[in-house]
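Shown next, in structure tokens, is the structure this report addresses.
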Amino acid sequence: MPEAPIRVAVIVGSVREGRFGPVVADWLAGVADAHGGFEADVVDLAEPDLPLAMPAFGAAPSAAVVAEIAKVAPRLEAADAFVVVTPEYNHSYPASLKNAIDWHRAEWRAKPVAFVSYGGISGGLRAVEHLRAVFAELHAVTIRETVSFHGAQARFGADGVPHDAAAGVAAKALLDQLGWWARSLAEARAARPYPG
């Protein structure tokens, strides 16, 4: 009997006007679909019905904000794994992404997280290093392999595909590891409750 596909939420972390994240996320989602065994859901934090106006963590949210947060939670909960697509802003990741992470807890627990980053010279890798510590605190497992685009806009063609075939090779390595962790952690969660 064939295994059920791994449901992977591809999270677009930037909400800035003119952002490049959707191009990167759509490419990665396409690679995941072609890889086999994955079912991608692109969760774009800039979608009109998602919680852009989340209050600062710890502040009392209004009923409207609670309703907005509730729109994201089921999509994250349904995911077996995550790929966070993030730029690097001031040596770290966007505030919109931090809010989305902080307003959810159980959705991340004992699930794998992979990173695809983009930016200038660093390719967003400093943002990824900050995110690893955040997800560890939430009991998520970050995987070793990443995909990073230095000067991303110049690295993609008009068709939304990177010029360099090495990007596809790196994405395959990332997805291979993500798939292994997703299935292993799902089996573990089914066998016994996570103690976190």
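The residue list ARG126, ARG189, ARG105 contains one member that is of a type outside the set (Ser, Thr, Tyr), surrounded by fewer than 15 Cβ atoms within 10 Å (Cβ to Cβ) and under 20 Å from GLY13 (Cβ atoms), which is ARG105.
Kindly establish whether ALA182 is touching a residue at least 40 places away in the same chain (Cβ under 8 Å), buried (at least 19 other Cβ atoms within 10 Å of the Cβ), touching a strand residue (DSSP E or B) at 6+ places or on another chain (Cβ under 7 Å) and closer than 18 Å to GLY21 by Cβ. No.
Count of region 77-95 residues, restricted to those that are part of a helix (DSSP H, G or I) and buried (at least 20 other Cβ atoms within 10 Å of the Cβ), is 0. Within this structure, ALA190 fails the test of being closer than 21 Å to VAL43 by Cα, assigned to a helix (DSSP H, G or I) and of a type in the set (A, V, I, L, M). Restricting attention to region 138-179 and to residues that are touching a Leu at 6+ places or on another chain (Cβ under 7 Å) and in contact (Cβ under 8 Å) with a residue 60 or more places away in the chain, the residue that is nearest to ARG7 (Cα to Cα) turns out to be ALA171.
Among the residues of region 32-64, those that are in a helix (DSSP H, G or I), surrounded by 14 or more Cβ atoms within 10 Å (Cβ to Cβ) and either at pLDDT below 90 or touching a strand residue (DSSP E or B) at 6+ places or on another chain (Cβ under 9 Å) (or both) comprise ALA32, ASP33. For region 118-140, residues that are farther than 13 Å from TRP108 by Cα, small (Gly, Ala, Ser) and not in a loop (DSSP other than H, G, I, E, B) total 3. For GLY119, state whether it is in contact (Cβ under 8 Å) with a residue 24 or more places away in the chain and small (Gly, Ala, Ser). The answer is yes for GLY119. When restricted to residues that are in a loop (DSSP other than H, G, I, E, B) and not small (Gly, Ala, Ser), region 141-164 contains 4.
The values are calculated or read from the model by the stated rules, or taken from the named source; none is laboratory data. Keep in mind that this is a model prediction, so the values were computed, not measured. FYI the Cβ positions are ideal-geometry reconstructions off the backbone, even for glycines, and counts take in every protein chain you see.
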